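**Student:** This structure is in structure tokens; I'll ask about it shortly.
The values are calculated or read from the model by the stated rules, or taken from the named source; none is laboratory data. Since we're looking at a predicted model, the values are computed, not measured. Reconstructed Cβ throughout: ideal geometry from the backbone, glycine too, with neighbour counts over all protein chains shown.
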Amino acid sequence: MTSNTHRLPYGNSPPGHWSVVPLKYLATLDNGYVFKSEDWQYSGTPIIRIENLNGSSRYNYSALTLDDKYRVRSGDLLFAWSGNPGTSFGPFRWTESGHYFLNQHIFKVSVQSCEKDWLYWSLRAATYWIERELTSGMIGMVHVTKDEVGAVPIPVPSRDQQRRIIDFLNAETARLDRLSELQRKVIAGLDERDSVLLDVVIDELLAKHGTLPFRRFIEGVDQGSSPQCEATPADDDEWGVLKVSSLRPGDFFPEQNKRLPENLTPNRSHEVREGDLLITRANTPQLVGSTAAVPATRRKLLLSDKIFRVRLSPALDARYAALIARGSRVRSLCGATSNGASQSMANIRFEEVKSWPIPPADLDEQRRVVARVESENLGTRSLREKIERQLALLSERRQALITAAVTGQIDVSTASGRGIED
């Protein structure tokens, strides 16, 4: 059951007196129940999906009577085995109280022969390796098998050492998490400041010009296609299909694309160009209808079937249209009119987009308004970027600390964790 090689594919090898044991000898992995669409109800027992592990409070419900092995209680250790590229597999410590069932895309990890929190922190140390190495080269949805997860090597010191390291990591990661949360609150404050400023500007335009429906400025609309693509982004000289994550209100991220396989011929009429106005027709309820004007960008990027490209009349500047679409009026309309079978994915119809209220300023004023808002947002954008870099460093530090602790590279009885380097 134990290994004498002590070799780990992540971090450094642990001290020689520690064991290294495959996960399957320390815990069992139980799949959730395979729910069908007809099993969903508007009330009943909440079903835990991957979206719920990643913070969503929207649940599906079922009235089925299921075996107790599918039940999830506060303190249970869960591990997702399937998801979109970039989705965290976990592990996750379930903290909600009450009666929940588990869906088929998640394992419940039942610990047999070590501290439960030790297994949690050990899997946290291995998670980057699991998500990077075990899913490399996969196209579309990524997944790991029960055998692959069960074979993950776990360093195992004595129970007393496990408890000391658990206490250390609980305290030190909580400190880092508090720092991260403070930084995120600053970003939220900056976002609120920009949103209020934008709404004030739009209110001034509405008072001065009133509104016309967006349809009055639309000459046509294009929609791309979504062939089966590779999971990795395209290089600059390769064709890529834009993902919905390439658009957030007012922002365009060309690196958010999937490489088009070489055996597929790109539809060049779907290529995105500078000045295009793009709108997501499908996304999460918070982001559906995200609109941005494409700045100067690389070639060979294609529309997907989840993105509209709106052809505007000469009377409307694309950047002005995107600015108005960022305002709370249009964002509220997107949330109110969106629909979808999944609670984690919403859709809007283009007929609803046509009704967006647009203040009909002349082109010169439109461009002045865009320049004014962009100028006033420069300071907050710069500060937000600095804070996001700090958050990334805190995340790297947290991961390095976990890996060093569970592989025995630091003496937690004397270390505070403040000197850990990646």
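**Student:** So residue 363 clears everything in (1) modelled with pLDDT under 95; (2) not assigned by TED's automatic domain parsing to the domain that holds residue 215 except one condition, right? Which one?
**Tutor:** Unmet for residue 363, out of (1) modelled with pLDDT under 95; (2) not assigned by TED's automatic domain parsing to the domain that holds residue 215: (1).
**Student:** Any residue in the stretch 219-226 that is outside any strand (DSSP E or B), charged (D, E, K, R), under 30 Å from residue 336 (Cα atoms) and modelled with pLDDT of 90 or more?
**Tutor:** Of the stretch 219-226, the ones outside any strand (DSSP E or B) are 224-226.
From what is left, the residues that are charged (D, E, K, R) are none.
The answer is no, given that none of the residues of the stretch 219-226 is outside any strand (DSSP E or B), charged (D, E, K, R), under 30 Å from residue 336 (Cα atoms) and modelled with pLDDT of 90 or more.
**Student:** Here is a list: 148, 172. Which entry is among the acidic types (Asp, Glu), assigned to a helix (DSSP H, G or I) and not assigned by TED's automatic domain parsing to the domain that holds residue 91? Lay out the reasoning, then the answer.
**Tutor:** Working: 148 fails: not assigned by TED's automatic domain parsing to the domain that holds residue 91.
Residue meeting the stated conditions: 172.
**Student:** So residue 323 ticks every box in (1) closer than 30 Å to residue 238 by Cα; (2) of a type outside the set (D, E, K, R); (3) not in a loop (DSSP other than H, G, I, E, B) but one. Which box is left unticked?
**Tutor:** (1)
Each row is one residue, and each column tells you yes or no for (1) more than 30 Å from residue 230 (Cα to Cα); (2) aliphatic (A, V, I, L, M); (3) in contact with a strand residue (DSSP E or B) (Cβ under 9 Å, 6 or more places away or on another chain); (4) at pLDDT 95 or above.
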{"site": "90", "(1), (2), (3), (4)": "no, no, yes, no"}
{"site": "98", "(1), (2), (3), (4)": "yes, no, yes, no"}
{"site": "102", "(1), (2), (3), (4)": "no, yes, yes, no"}
{"site": "123", "(1), (2), (3), (4)": "no, yes, yes, no"}
{"site": "132", "(1), (2), (3), (4)": "no, no, no, no"}
{"site": "144", "(1), (2), (3), (4)": "no, yes, yes, no"}
{"site": "151", "(1), (2), (3), (4)": "no, yes, yes, no"}
{"site": "173", "(1), (2), (3), (4)": "yes, no, no, yes"}
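**Student:** Could you tell me whether residue 420 is over 26 Å from residue 191 (Cβ atoms) and either modelled with pLDDT under 90 or within 24 Å of the chain's Cα centre (by Cα) (or both)? Lay out the reasoning, then the answer.
**Tutor:** On the way: over 26 Å from residue 191 (Cβ atoms): yes; either modelled with pLDDT under 90 or within 24 Å of the chain's Cα centre (by Cα) (or both): yes.
Here the answer is yes, as residue 420 does meet what is asked.
**Student:** Write out, first by first residue and then by second, each pair whose Cβ atoms fall under 8 Å of each other, whose residues are 6+ apart or on separate chains, and whose first residue, in the stretch 210-230, is touching a residue at least 40 places away in the same chain (Cβ under 8 Å) while the second is of a type in the set (S, T, N, Q) and not in a loop (DSSP other than H, G, I, E, B).
**Tutor:** Going by the 8 Å Cβ cut-off, the qualifying pairs are 222/269.
**Student:** Could you please let me know if residue 348 is among the aliphatic types (A, V, I, L, M) and either closer than 30 Å to residue 185 by Cβ or at pLDDT 95 or above (or both)? Lay out the reasoning, then the answer.
**Tutor:** Numbers: among the aliphatic types (A, V, I, L, M): yes; either closer than 30 Å to residue 185 by Cβ or at pLDDT 95 or above (or both): no.
No, not satisfied.
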